[in-house]
Amino acid sequence: MCDDLDPGLRFAAPWAVLSRPFGAFEIDGTQTHQLNRGDGIPTSRDSMLPDRVRFILPILWAGCIAPISLFFVFLSFTATVLAADFEPNDFAIEVISYDDGGVSSHKDPCSALGRPAVDTDYFGAARPVVPVYAAWEQDQVVKIGFGGHLVLRFSHKVSDDENNPYGTDFIVFGNAFQKIGGDINWQYQDPAAVTISTNDVYVEPGLVSVSQDGLTWYGYNDPNLPRADTFAPTLGRIYDPNNAVDVYPGWLNQWWANVTNPTVPLDPNLAPVDFVGKTVAEVCGIYGESAGGTGFDLQDLAPADYASLLVDGQTGRRWIQYIKVEYTGSILYETEVDAVADVSCCGDYKHPFAGGDLNHDCRVNFLDFAVLASMWVDEEGLLALADNWLMCNWECD
Ligand SMILES: [Ca+2]
Ligand SMILES: [Ca+2]
Ligand SMILES: [Ca+2]
Ligand SMILES: [Ca+2]
């Protein structure tokens, strides 16, 4: 249906090949043997250990007596770095169904695939999407009119992950925008010179539901729960005058830097009133690298619905793979969807805990060795620790 989507994205996430057991040790209390402190590594087993373990053992033991500050300096220079970033599988990869609800334009549902818009049209020229000026081009947002709906699929299970920031599991991006107030027009002037004076946000709320199989749906029906195409507006580029990018022909961009990361949620306690009295620059400073959007927590579903979600056997987490947006509001308006995103965190589908990461902080280091030392020394656990020594797969910078 969507020709410009990389066909490779329709298959399982490449991270699947990284999946492996969480290590030979259980840290939930099921491992009952205790290391006899002072015993060290049983000498009778030394000759059976592979070279990579015998290589790392002296390092491990030396580290136990090294000054802790030197240890962390050492770590910062040697850890294997895997960036905590985003890629196309973090967003919907397929349109399952779409009913436009009778709208007259913006009827391409493929506009809801991939990341939310970075730039949009401003009087014929590309400019960054900012919280006071939203994406509105045909290939960026799809409209859902009265009675219509859109169903999107992810390539993988989107989990109710205990490490997701604020508990937010996925984000829906529309084209809501915060009004500036005071008859000030947004003209891509200095964001530090424009102060927001109203909590008025242009929203067109759409009902969001989730599903594991695309057949059985669970809706965020409670009127106190978030809706699609509402606060928080999207931010396409990080506000950083020191690293402004030169990508806009004919316009000297002095403020807008790299693209934002749409898998980083905003604090759900933020509300439009929190932006009143702040400049656009200050508001974007609150966003940081986040692209904004409306965050959803699977645990906010009705308790019976949440309990109905199957638990993944490997991760022990509840999950969904399909998102539906419907519009049942005024017939004069329609909900727009720009994108949906899976929130990233340590231990998620593309940063699985490595073997040897015994304390599940996405780093294999002396802290894990301390856990190991509190247990009976098990060869499997030692192998996993050695294989992934100083690996880091979450926020390594
Ligand atoms: Ca959650
Ligand atoms: Ca809208
Ligand atoms: Ca889009
Ligand atoms: Ca660890």
### Query
Extension gain residue 359-residue 273, at 0.36 nm per residue separation less the Cα-Cα distance, in nm?
27.0 nm
### Cβ charges +1 (Lys, Arg) and -1 (Asp, Glu), total dipole of segment 89-342, debye
120 debye
### Query
Along the charge dipole of segment 89-342, which of 239, 128, 199 sits closest to the positive end, that is, farthest toward it, with unit charges on the beta carbon of Lys, Arg, Asp and Glu (+1, +1, -1, -1)?
128
### Message
Please compute the modelled spin-label separation between residue 299 and residue 99, points set 7 Å along Cα→Cβ, answer in nm with one decimal.
### Response
3.4 nm
### Task
Using packing as a proxy for protection, rank 237-247, 327-337 so that the peptide with the highest average count of other Cβ atoms within 10 Å comes first.
327-337, 237-247
### Global geometry of segment 334-397, whether rounded, prolate or oblate, following the gyration tensor of its Cα atoms and the 1.5 cut on a/c
prolate
### Query
Can you give the net charge of the other residues whose Cβ lies under 12 Å from the Cβ of residue 234, counting K and R as +1 and D and E as -1?
-2
### Calculated from backbone phi, Karplus (6.51, -1.76, 1.60) coupling profile of segment 361-370 in Hz, x at Gly/Pro
10, 6, 9, 9, 8, 5, 5, 6, 5, 5
### Query
Fully extended, how many nm does the chain gain between residue 310 and residue 281 (0.36 nm per residue separation, minus their Cα-Cα distance)?
6.1 nm
### Message
How would segment 247-397 be classified by its alpha-carbon gyration tensor: rounded, prolate or oblate, with rounded meaning a/c under 1.5 and the a/b versus b/c comparison settling the rest?
### Response
oblate
### Task
State, as an integer percentage, the relative contact order of segment 89-342 based on alpha-carbon contacts under 8 Å between residues 6 or more apart.
32 percent
### Query
Going down the table (324/350; 143/278; 107/324), which pairs top 19 Å between alpha carbons?
324/350; 143/278
### Message
From the P(r) of segment 293-346, could you give the percentage of C-alpha pairs in the tail past 12 Å?
### Response
77 percent
#### Entry: Pairs of alpha carbons in segment 89-342 whose separation is greater than 32 Å (percent)
19 percent
### Task
Indicate the gyration tensor shape class of segment 87-170 (rounded, prolate or oblate), computed on the Cα atoms with a ≥ b ≥ c the square roots of the eigenvalues: a/c under 1.5 is rounded; otherwise a/b larger than b/c is prolate and the rest oblate.
oblate
### Task
Please work out, to two decimal places, the log10 of the ratio I(q)/I(0) at q = 0.11, 0.17, 0.22 Å⁻¹ from a Debye calculation in which every Cα of segment 191-307 carries one identical scatterer.
-0.48, -0.92, -1.25
### Query
So, in Å, what gap is there between the alpha-carbon centers of segment 188-225 and segment 143-170?
12 Å
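FYI, it's all coordinate maths here, none of it is from the lab. Quick caveat, the model's predicted, so the values are computed rather than measured. All Cβ positions, glycine included, derive from the backbone under ideal geometry; neighbour counts span all protein chains shown.
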